[in-house]
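To keep things clear, I will list the structure first and then write my remarks on it.
The values are calculated or read from the model by the stated rules, or taken from the named source; none is laboratory data. None of these values were measured; they are calculated from a predicted model. Every residue, glycine as well, gets a Cβ built from its backbone with ideal geometry; the counts of neighbours run over all protein chains shown. For the accessible areas, the whole protein counts, side chains as well, though only heavy atoms, and no ligand, DNA or RNA atoms are used. Shrake-Rupley method; radii C 1.70, N 1.55, O 1.52, S 1.80 Å.
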Amino acid sequence: MAGTTSISKSLLTNVLSVYFVLTLMVTCVQLMGEYFDTKSQLVEELQNQQSTFSNSLARSLWEYNDEQIELIAEGLINIPAIAGIIIRDENGEVVVKLGLTESLNSLNITRDVEDLVIEEYNGLFGYYASIIFEFAGESNRVGDVTLYSTRDIALDRIKFSLYFIFGNAIVKSTFLIVLFTLAFNRMLNRPMSMLTQQIRNFRLDDLTHSRINLKDNRHAEFTMLEQAYNQLLDNIEDYQTDLKRTEQQLLQANRQLDEQNAMLEQEVARKTSSLSQVLTDLEGQKNELERRQDKLVKEIRQRKLIEEDLRETNDQLQNSVTAFERVQDQLVESERLASLGRLVPGITHDVSTPIGIGITATSVAREKLESIQQALANRELTSAQLEELLTASVESVQLAESNLDRASVLLGGFKQVAVDQTSDAVREIELQSYLQSLLTTLRPKFKATPHEVELDIVEPLTLRCNAGALAQIISNLVLNSLLHAFDDDQQGLIKIRAERAGDRLILRCSDNGKGLNEEQLEHLFEPFYTTRRERGGSGLGTHIVRNLVVQTFGGKISVKSAPGAGLSYTIELPVQFSDR
């Protein structure tokens, strides 16, 4: 009809519009987070470089060795993270100024300031530090150094992340559009078109062939509509049968009336009074038959109107239920991926520190080798210089090796957790080491808090289970306690205990937080219910945990809590243990 809009098209447009807005907002937040995290890493690298070269630079300033100061400055300016450098003596006079820099006068730096992070201005940001030389047991300020980096360097580091974020958003949006279009066409448009076509073939004189038959229809709503429509045809058939029966009775009554009229004509004089009574009775019967016929017509018309209202109500109800279920599934999946995404910045920060230390150590070793090579070329190499080279090289290699090993352990644990949380594969795990690796991945969430996590495995357990679902359960419970359980000034403790009970794994996760009251406990597992929505709570954490325990594992979950007494979960999971 003119001026109307397809329900499926309107619903699809609304869902995709909301999704596009959310995707745009999340993408912008990710881009800003990447940029500021990269700036923090660059400032840390400037701090590390300053710490590495501060001793040799302090000695050079103390000895007024301008040539050595220039060599150190040229070495620093060649580091990719450094775009400019200013080295000043103790009187504030500039000794070396290389690359992109800004005037230090506007910073109002006093002599008692030892170090300072320079905020971004005109695309430049950096790190200022005083240079202290230890001589005769006294600390002497011999100058200061300022290292600069630029916005272009930060953007160049994250450009591949930018490409990945935009590409990921485009691919997901395209796939969602195609999936929703196919689903709406298959589940709504196609059955509705078939239903409309069959209704248009309705013929009152051929009710048998006017029935609706939706082939291969698996949706209960369309089945109910089909049954209701066919039931209406059955009722119409019954009404037609009653109408024919009434017509036959009317014909029979008319025949009787004709017979009586014939008799009356023969005995008009003799039965005048009787004839009047008979005519009155016949008129009453006729009026009664007409009233019944009118009543049947009105009932048929009323049933048709009721059927139309019922059909429209069922359509609206089905559309609402379908839209709600899909939006809920999308939000649950987004929360599952978002819980993993919230770990990425912390892991990145922890990994960047040992990698930066390793790079600095190799830079120091390279500087020592270059100085020894120059002394060897000038035939000025001494045994003391060679011994100093060997000592510095061994320390640098050991420092680089230990920090790279640390970075490898962090990345390996995070990689396994990420693979498990995005996969439903069943595999064999050693519970103690697996949970310890998971808690190491969650450690960045606790670094800035006074809270602790305590892991207690009663006995060594090796089992086969859905590792990703198990990791998601533990992660959600720990992060829920971190977000909701403790006040700002409280030192919290989260305990995780695991033990075997026959063929079941018993997990107990508790905290010493502020707990929940009876009303909050009643709504704890409901989707979108949260007590901390203003601090990032989505209300899906415990809902996801219960679905994983009950649906994925086929287990049980119970909870105990009281105000001021903390919160305790008890989870029973049927798993396959490996007795070795």
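Just a few scattered comments:
- Positions within segment 529-572 being at pLDDT below 75 and either open to solvent by less than 70 Å² (accessible area, probe 1.4 Å) or in contact with a His (Cβ under 6 Å, 6 or more places away or on another chain) (or both), in sequence order: TYR529, THR530, THR531, ARG532, GLY536, GLY537, SER538, GLY539, LEU540, GLY541
- Subset of segment 77-90 [under 43 Å from the mean Cα position of the chain (by Cα) and over 21 Å from TYR121 (Cβ atoms)]: ASN78, ILE79, PRO80
- Residue satisfying all of: in segment 128-163; of a type in the set (D, E, K, R) and in contact with a Ser or Thr (Cβ under 9 Å, 6 or more places away or on another chain); modelled with the highest pLDDT among these: ASP144
- Just one of the listed residues (LYS97, LYS9) is modelled with pLDDT of 85 or more and either open to solvent by 50 Å² or more (accessible area, probe 1.4 Å) or small (Gly, Ala, Ser) (or both), namely LYS97.
- Restricting TYR163, TYR148 to those that are within 46 Å of the chain's Cα centre (by Cα) and closer than 21 Å to GLY84 by Cβ reduces the list to TYR148.
- Residues that are in contact (Cβ under 8 Å) with a residue 60 or more places away in the chain and open to solvent by 30 Å² or more (accessible area, probe 1.4 Å), drawn from segment 494-527: ARG500, ALA501, ASP503, ARG504, ARG508, PRO527
- Positions within segment 74-94 being modelled with pLDDT of 85 or more and polar (S, T, N, Q), in sequence order: ASN78
- Filter result for the condition that a residue is more than 28 Å from ASN185 (Cα to Cα), open to solvent by less than 90 Å² (accessible area, probe 1.4 Å), at pLDDT below 80 and in a helix (DSSP H, G or I), over GLU237, GLU226: GLU237
- The set of residues from segment 407-445 being modelled with pLDDT under 75 and either surrounded by fewer than 16 Cβ atoms within 10 Å (Cβ to Cβ) or touching a strand residue (DSSP E or B) at 6+ places or on another chain (Cβ under 7 Å) (or both) comprises SER408, VAL409, LEU411, GLY412, LYS415, VAL419, THR422, SER423, ASP424, ALA425.
- Taking segment 366-404 as the range and being surrounded by 12 or more Cβ atoms within 10 Å (Cβ to Cβ), under 24 Å from GLN49 (Cβ atoms), modelled with pLDDT under 70 and not polar (S, T, N, Q) as the test, the residues that pass are ALA392, GLU395, VAL397, LEU399, ALA400, GLU401, LEU404.
- The listed residue being within 13 Å of ILE131 (Cα to Cα), part of a loop (DSSP other than H, G, I, E, B) and of a type outside the set (A, V, I, L, M), out of ASN55, ASN91: ASN91
- Taken as a whole, the condition of being in a helix (DSSP H, G or I) and either open to solvent by 80 Å² or more (accessible area, probe 1.4 Å) or out of contact with any Asp or Glu (no Cβ under 8 Å at 6 or more places or on another chain) (or both) does not apply to GLN318.
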